[in-house]
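Before I ask anything, here is the structure I am working with.
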Amino acid sequence: MKGKYTTGQTGARSARLRLAALAIILVLMASAAAGCSGEKEESKPQRLILGFSQLGSESAWRIGNTRDIEDKADLYGIGLMLENANQKQENQIDAIRRFIAYKVDVIAFSPIVEEGWDNVLLEAKKAGIPVILVDRDISTETEGLTSCLIGADFYKEGVMAAEYLIRKADSLEKDHVKIVEITGTEDSTPMMQRQAGFMDTLLADERMEVLESVNGDFLKSRGAECMRYLLETYGSEIDVVYSHNDEMTLGALPEIEAAGYVPGKDIIIISIDGGQEAIDVLKSGRINCVVECTPMLGSELMNTAIKLKNGEEVEKVIHPAETYFSDEQDLSAITERSY
């Protein structure tokens, strides 16, 4: 009939209306979801991304330092991009450039040596990325390339080592003390400052004579090589071995024993770091003094990175509290180390 729909026409129209209504509902739901999602993204703080270049894994100290930084990044909810440079400056420079390209929020690194960082750090500055030095300092021609240094007071460590030696010489009533020094990596901050603190403190004591300083590169194998050379050259003249880290000390001890001397008795042994193995050897009497240099810098690093991301001021130098352990003390009171 004219002017009326048939049953088929009515059904088709109803279907079209239902599809149109469904489409409108879906659009509204999608818009609402997008709006809610946008609100969540705005209210949720972005995760801080920290790029960290570790210089290597040459010692228990370094491995402990890396582990602590990884653990604290997890604890603080910070995204960590960590690269191991395997003792090569060029690897660290490449890593820093990758961090810049990735646009991390903060860059941190433990420099293997002091010189040669200006160009890459200028690139970081131009990119607006703050840089934190961890464990070691650098020397640059341009001011303001780094935000701060988190690490030990290496000069004070050298001073503590020398002060112990002076007390030990007094207790043994020694008139003349002949010293050999096994240093860390040449031109690195800990090497230069541990040596300077030690030598400066001994200057006023006329009994002290340094026979020779040799580069052990902070490696156990090099500590052994250096000790063999020193024993072949000076033999029974050696009264004291001052070693810049535990790994070199632990490498030197078997060489001293193989040469027929008793470490800790015939030769005074002074080490730096305070790892568990060195503390155990100290307790056994084969090391006389271990100056502490804690690798537990993770919390300070994460807190400082957060402040820098938020645009806050930070201290230029942050030193952890440290001490020393020696045969003057009750060594049974030393708690287990985590490295």
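Residue by residue through the range 128-158, note down the ones that are β-branched (Val, Ile, Thr) and within 29 Å of Arg67 (Cβ to Cβ).
Applying the first criterion (β-branched (Val, Ile, Thr)) to the range 128-158 yields 129, 131-132, 134, 138, 140, 142, 146, 150.
Listed by number, the residues that qualify are Ile129, Val131, Ile132, Val134, Ile138, Thr146, Ile150.
Right, another one. Pairs needed: first member in the range 298-326, farther than 30 Å from Gly264 by Cβ; second member anywhere, of a type outside the set (Ser, Thr, Tyr) and open to solvent by 60 Å² or more (accessible area, probe 1.4 Å); C-beta distance under 6 Å; at least 6 residues apart or different chains.
Val314/Lys307; Ile318/Glu300
Would you list the helices (runs of 4 or more DSSP H) that sit entirely within the range 59-146 and hold 2 or more residues that are modelled with pLDDT of 95 or more and under 13 Å from Met302 (Cα atoms)? Steps first, please.
Details: elements: 60-76, 89-102, 118-126.
In the range 59-146, 60-76 are the helices (runs of 4 or more DSSP H) which contain 2 or more residues that are modelled with pLDDT of 95 or more and under 13 Å from Met302 (Cα atoms).
Inside the range 65-115, can you point out the residues that are open to solvent by less than 50 Å² (accessible area, probe 1.4 Å) and either on the phi > 0 side of the Ramachandran plot or of a type in the set (Ser, Thr, Tyr) (or both)?
Thr66, Gly77, Ser110
Inside the range 230-259, can you point out the residues that are open to solvent by less than 20 Å² (accessible area, probe 1.4 Å) and out of contact with any Ser or Thr (no Cβ under 9 Å at 6 or more places or on another chain)?
Hits for the range 230-259 are Leu230, Gly235, Ile238, Val240, Leu253, Ile256.
Could you list all residues from the range 97-121 that are out of contact with any Asp or Glu (no Cβ under 8 Å at 6 or more places or on another chain) and more than 20 Å from Pro190 (Cα to Cα)? Step through it out loud before you land on a result.
Pass one, the range 97-121, residues out of contact with any Asp or Glu (no Cβ under 8 Å at 6 or more places or on another chain): 99, 101-109, 112, 116-117, 119-121.
Phe99, Ala101, Tyr102, Lys103, Val104, Asp105, Val106, Ile107, Asn119, Val120, Leu121 - these are the residues of the range 97-121 that are out of contact with any Asp or Glu (no Cβ under 8 Å at 6 or more places or on another chain) and more than 20 Å from Pro190 (Cα to Cα).
What's the number of the only condition in (1) polar (S, T, N, Q); (2) farther than 21 Å from Met191 by Cβ; (3) in contact (Cβ under 8 Å) with a residue 60 or more places away in the chain that Gln329 fails to meet?
Answer for Gln329: the failing condition is (3).
Looking only at the range 288-334, filter to residues that are small (Gly, Ala, Ser) and surrounded by fewer than 17 Cβ atoms within 10 Å (Cβ to Cβ); which one of those is farthest from Leu253 (Cα to Cα)? Working first, answer last.
Let us first name the residues in the range 288-334 that are small (Gly, Ala, Ser), namely 298-299, 305, 311, 321, 326, 332-333.
Keeping just the survivors that are surrounded by fewer than 17 Cβ atoms within 10 Å (Cβ to Cβ) gives 299, 311, 321, 332-333.
On the way: Ser299: 34, Gly311: 49, Ala321: 28, Ser332: 22, Ala333: 24 Å.
Once the filter is applied, the top-ranked residue is Gly311.
Restricting attention to the range 260-278, and to residues there that are more than 20 Å from Val177 (Cβ to Cβ) and under 23 Å from the mean Cα position of the chain (by Cα), which single residue is surrounded by the most Cβ atoms within 10 Å (Cβ to Cβ)? Even if it seems obvious, please write down each step before you answer.
Just the residues of the range 260-278 that are more than 20 Å from Val177 (Cβ to Cβ), to begin with: 260, 273-278.
Narrowing further to those that are under 23 Å from the mean Cα position of the chain (by Cα): 273-278.
Values: Asp273: 31, Gly274: 24, Gly275: 26, Gln276: 15, Glu277: 15, Ala278: 27.
Of everything passing the filter in the range 260-278, Asp273 is surrounded by the most Cβ atoms within 10 Å (Cβ to Cβ).
For Glu143, indicate whether it is over 21 Å from Asn245 (Cβ atoms), surrounded by fewer than 21 Cβ atoms within 10 Å (Cβ to Cβ) and of a type in the set (Asp, Glu). Explain how you work it out, then say what you get.
Details: over 21 Å from Asn245 (Cβ atoms): yes; surrounded by fewer than 21 Cβ atoms within 10 Å (Cβ to Cβ): yes; of a type in the set (Asp, Glu): yes.
The answer is yes for Glu143.
For the range 160-180, give me the residue count where each residue is buried (at least 24 other Cβ atoms within 10 Å of the Cβ) and not hydrophobic (A, V, I, L, M, F, W, C).
The qualifying residues number 0.
Please pick out the residue among Met227, Met191, Met208 that is touching a Leu at 6+ places or on another chain (Cβ under 6 Å) and crowded, with 19+ Cβ neighbours inside 10 Å.
Numbers: Met227 fails: touching a Leu at 6+ places or on another chain (Cβ under 6 Å); Met191 fails: touching a Leu at 6+ places or on another chain (Cβ under 6 Å).
The match here is Met208.
Does the range 146-159 hold any residues that are of a type outside the set (Val, Ile, Thr) and open to solvent by 30 Å² or more (accessible area, probe 1.4 Å), and which are they?
Of the residues in the range 146-159, the ones of a type outside the set (Val, Ile, Thr) are 147-149, 151-158.
Result: Asp153, Tyr155, Lys156.
The values are calculated or read from the model by the stated rules, or taken from the named source; none is laboratory data. Computed from a predicted model, the values in this text were never measured in an experiment. Note that we place each Cβ from the backbone using ideal geometry, even for glycine, and neighbour counts take in every protein chain shown. All accessible areas refer to the heavy atoms of the entire protein, side chains included, with ligands and DNA or RNA removed. Shrake-Rupley method; radii C 1.70, N 1.55, O 1.52, S 1.80 Å.
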